[in-house]
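Trainee: Please read through the structure below; I'll follow up with questions.
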Amino acid sequence: MSIPKTQKQWLITGADKGLDGLVYQDAPVPTPGDHEVLVHLRGASLNYRDLIIPRGMYPFPLNLPVVACSDGAGEVIAVGSKVTKWKKGDKVLTLFNQGHQRGDMDIAASKTGLGGCFDGTLRQYGTFAETGVAKMPSNLNYVESASLVCAGLTSWNALYGLKPLKKGQWIVTQGTGGVSLFALQFAKAAGAHVIATTSTAEKVEMLKKLGADHVINYREDVNWGETARKLTPGGEGVEHVIEVGGADTFTQSLSAVKMEGVISVIGFLGGAAPKDNILETLSRVCTVRGVYVGSREQLEAMCAEIEKHDIHPVMDKTVFTLEKAKEAYEYMWAKKHTGKIPITIE
């Protein structure tokens with residue numbers, strides 16, 4: 001295919017304008033450097049992070065203006081002169097923090113996030129370092145693959161980055177957002193047991209179909225953490241808690257976790273002002289760990305498991321096109337979605 005000169009993209013122009021700061025514009029198609037690949041992006045997906053960056057609520061480094069969104073997948077259409085890892089026609093997905101290749105997160109890598117510091121994926125064409133993309137799982141399409149970049153990898157890191165999940169262990173997931181649903185699917189593939197929380201009867205059924213062993217309606221059971229603990233063998237608690245609620249759920253996560261268990265703090269949908277003393281970690285004898293997505297090494301390991309177990313992400317039924325991406329932001333902000341929001345790119 002011939003490479004066009006211009007493309008369409010969504011630019012975040014500031015962190016103080018809300019969605020008015022998202023501008024749909026024409027831009028030049030970039031040329032790959034010696035160690036870069038040019039990707040014709042074909043799919044994208046949104047995260048809560050994407051909603052709060054233009055609202056000035058994001059706690060990590062930013063370099064605005066920047067092309068929006070971290071989650072992308074597409075086809076390599078050109079490679080730099082010194083690229084050895086990829087060739088034209090390869091199907092790839094993006095790495096969230098371009099500088100996080102393996103091992104622990106560090107300050108330098110935290111400043112390489114797509115859609116925050118580096119230009120992201122809400123565009124038709126993008127250049128990325130050859131180490132900034134990974135092979136798409138062969139069993140997934142473009143939008144499914146794109147959804148793995150942030151939510152999928154964050155879940156994988158939560159379950160395998162510190163104390164790897166083992167067969168027969170127990171985890172708690174919260175709600176039906178992307179991170180929680182990925183954690184449920186990864187845990188079931190590993191032979192673990194899942195206690196999920198949600199707020200509606202309809203979502204209870206969906207979680208059970210995905211394999212949740214127990215589902216607790218947190219609106220009906222405000223002490224769901226203790227209920228979850230009692231469901232585990234000997235009432236000892238769960239080895240992993242996927243904590244996405246923040247202030248509104250953390251007390252219950254402490255109630256649910258087993259001694260020497262891990263609470264992975266991923267989000268703050270219910271607020272960021274803590275209601276619990278950090279010394280609770282001593283009386284509970286647990287680890288509370290902040291998770292900031294994951295490395296390329298982890299991304300590749302996750303994609304291999306997704307292929308092996310033929311795991312398919314839960315995608316919302318509403319599909320948006322690139323030009324309608326702002327409507328996707330509004331749809332997610334209104335909490336109308338279940339799972340990941342697909343955005344197709346032509």
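Trainee: Which residue is most open to solvent (accessible area, probe 1.4 Å), if the candidates are limited to region 160-192 and must be in a helix (DSSP H, G or I) and touching a strand residue (DSSP E or B) at 6+ places or on another chain (Cβ under 8 Å)?
Mentor: Lys188
Trainee: For region 80-99, enumerate the residues that are within 13 Å of Ala134 (Cβ to Cβ) and out of contact with any Leu (no Cβ under 9 Å at 6 or more places or on another chain).
Mentor: Hits for region 80-99 are Lys85, Trp86, Asp90, Lys91, Val92.
Residue-wise test of (1) more than 20 Å from Val314 (Cβ to Cβ); (2) out of contact with any Cys (no Cβ under 8 Å at 6 or more places or on another chain).
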{"site": "Val194", "(1), (2)": "no, yes"}
{"site": "Glu220", "(1), (2)": "yes, yes"}
{"site": "Lys230", "(1), (2)": "yes, yes"}
{"site": "Glu243", "(1), (2)": "no, yes"}
{"site": "Ala256", "(1), (2)": "yes, yes"}
{"site": "Glu260", "(1), (2)": "yes, no"}
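Trainee: Would you be able to say whether some residue in region 19-40 is closer than 27 Å to Glu130 by Cβ, under 21 Å from the mean Cα position of the chain (by Cα) and either of a type outside the set (Ser, Thr, Tyr) or not in a strand (DSSP E or B) (or both)?
Mentor: Yes, some residue in region 19-40 is closer than 27 Å to Glu130 by Cβ, under 21 Å from the mean Cα position of the chain (by Cα) and either of a type outside the set (Ser, Thr, Tyr) or not in a strand (DSSP E or B) (or both).
Trainee: Another question about this same structure. Tell me the residue from Ile278, Ile306, Ile343 that is in a helix (DSSP H, G or I) and either modelled with pLDDT under 95 or β-branched (Val, Ile, Thr) (or both), please.
Mentor: After applying the criteria, what remains is Ile306.
Trainee: Moving to a separate point now. Could you grab me the full set of residues in region 124-159 that are within 21 Å of Val79 (Cβ to Cβ), open to solvent by 10 Å² or more (accessible area, probe 1.4 Å), assigned to a helix (DSSP H, G or I) and not β-branched (Val, Ile, Thr)?
Mentor: Matches in region 124-159: Glu130, Tyr142.
Trainee: Since Cys286 meets every condition but one in (1) without any contact (Cβ under 8 Å) to a residue 40 or more places away in the chain; (2) open to solvent by 50 Å² or more (accessible area, probe 1.4 Å), which condition does it not meet?
Mentor: Against the list (1) without any contact (Cβ under 8 Å) to a residue 40 or more places away in the chain; (2) open to solvent by 50 Å² or more (accessible area, probe 1.4 Å), Cys286 comes up short only on (2).
Trainee: Now, a different point. State the number of residues belonging to region 48-77 that are open to solvent by 10 Å² or more (accessible area, probe 1.4 Å) and touching a residue at least 40 places away in the same chain (Cβ under 8 Å).
Mentor: To start, the set of residues in region 48-77 that are open to solvent by 10 Å² or more (accessible area, probe 1.4 Å) comprises 48-49, 55-65, 75, 77.
Pick out the ones that are also touching a residue at least 40 places away in the same chain (Cβ under 8 Å) and you get 48-49, 55-56, 58, 60-65, 77.
The number of residues fulfilling the criteria is 12.
Trainee: Right, here's the next one. Tell me, yes or no, whether region 10-31 has at least one residue that is exposed (fewer than 14 other Cβ atoms within 10 Å of the Cβ), polar (S, T, N, Q) and in contact (Cβ under 8 Å) with a residue 24 or more places away in the chain.
Mentor: Yes, region 10-31 contains at least one residue that is exposed (fewer than 14 other Cβ atoms within 10 Å of the Cβ), polar (S, T, N, Q) and in contact (Cβ under 8 Å) with a residue 24 or more places away in the chain.
Trainee: Taking the options Gly225, Gly211, name whichever one is under 20 Å from Thr154 (Cβ atoms), open to solvent by less than 50 Å² (accessible area, probe 1.4 Å) and touching a helix residue (DSSP H, G or I) at 6+ places or on another chain (Cβ under 6 Å).
Mentor: Gly211
Trainee: Looking at this structure, is Ala109 crowded, with 18+ Cβ neighbours inside 10 Å, outside any loop (DSSP other than H, G, I, E, B), among the aliphatic types (A, V, I, L, M) and out of contact with any helix residue (DSSP H, G or I) (no Cβ under 6 Å at 6 or more places or on another chain)?
Mentor: Spelling it out, Ala109 is indeed crowded, with 18+ Cβ neighbours inside 10 Å, outside any loop (DSSP other than H, G, I, E, B), among the aliphatic types (A, V, I, L, M) and out of contact with any helix residue (DSSP H, G or I) (no Cβ under 6 Å at 6 or more places or on another chain).
Trainee: If I filter region 296-314 for residues that are open to solvent by 50 Å² or more (accessible area, probe 1.4 Å), among the charged types (D, E, K, R) and closer than 24 Å to Ala109 by Cα, do I get at least one hit? It would help to see each step written out before you state the result.
Mentor: Our first condition is that a residue be open to solvent by 50 Å² or more (accessible area, probe 1.4 Å); within region 296-314, this holds for 297, 300, 304-305, 307-310, 312.
Remaining after also requiring among the charged types (D, E, K, R): 297, 300, 305, 307-308, 310.
With the extra rule that they be closer than 24 Å to Ala109 by Cα, the set shrinks to 297, 300.
Looking for residues that are open to solvent by 50 Å² or more (accessible area, probe 1.4 Å), among the charged types (D, E, K, R) and closer than 24 Å to Ala109 by Cα, one finds at least one in region 296-314, hence yes.
Trainee: While we're here: What about Gly261, is it at pLDDT 95 or above, surrounded by 15 or more Cβ atoms within 10 Å (Cβ to Cβ) and in contact with a helix residue (DSSP H, G or I) (Cβ under 7 Å, 6 or more places away or on another chain)?
Mentor: Spelling it out, it is not the case that Gly261 is at pLDDT 95 or above, surrounded by 15 or more Cβ atoms within 10 Å (Cβ to Cβ) and in contact with a helix residue (DSSP H, G or I) (Cβ under 7 Å, 6 or more places away or on another chain).
Trainee: I would also like to ask the following. Looking only at region 320-335, decide whether some residue is touching a Ser or Thr at 6+ places or on another chain (Cβ under 8 Å), surrounded by 20 or more Cβ atoms within 10 Å (Cβ to Cβ) and among the β-branched types (Val, Ile, Thr).
Mentor: Among the residues of region 320-335, not one is touching a Ser or Thr at 6+ places or on another chain (Cβ under 8 Å), surrounded by 20 or more Cβ atoms within 10 Å (Cβ to Cβ) and among the β-branched types (Val, Ile, Thr), which makes the answer no.
The values are calculated or read from the model by the stated rules, or taken from the named source; none is laboratory data. Please read all numbers here as calculations on a predicted model, not as lab measurements. Don't worry about glycine lacking a Cβ; one is built from the backbone with ideal geometry, like all the others, and counts go over all protein chains shown. These accessible areas exclude ligands, DNA and RNA; they are computed on the full protein's heavy atoms, side chains included. Shrake-Rupley method; radii C 1.70, N 1.55, O 1.52, S 1.80 Å.
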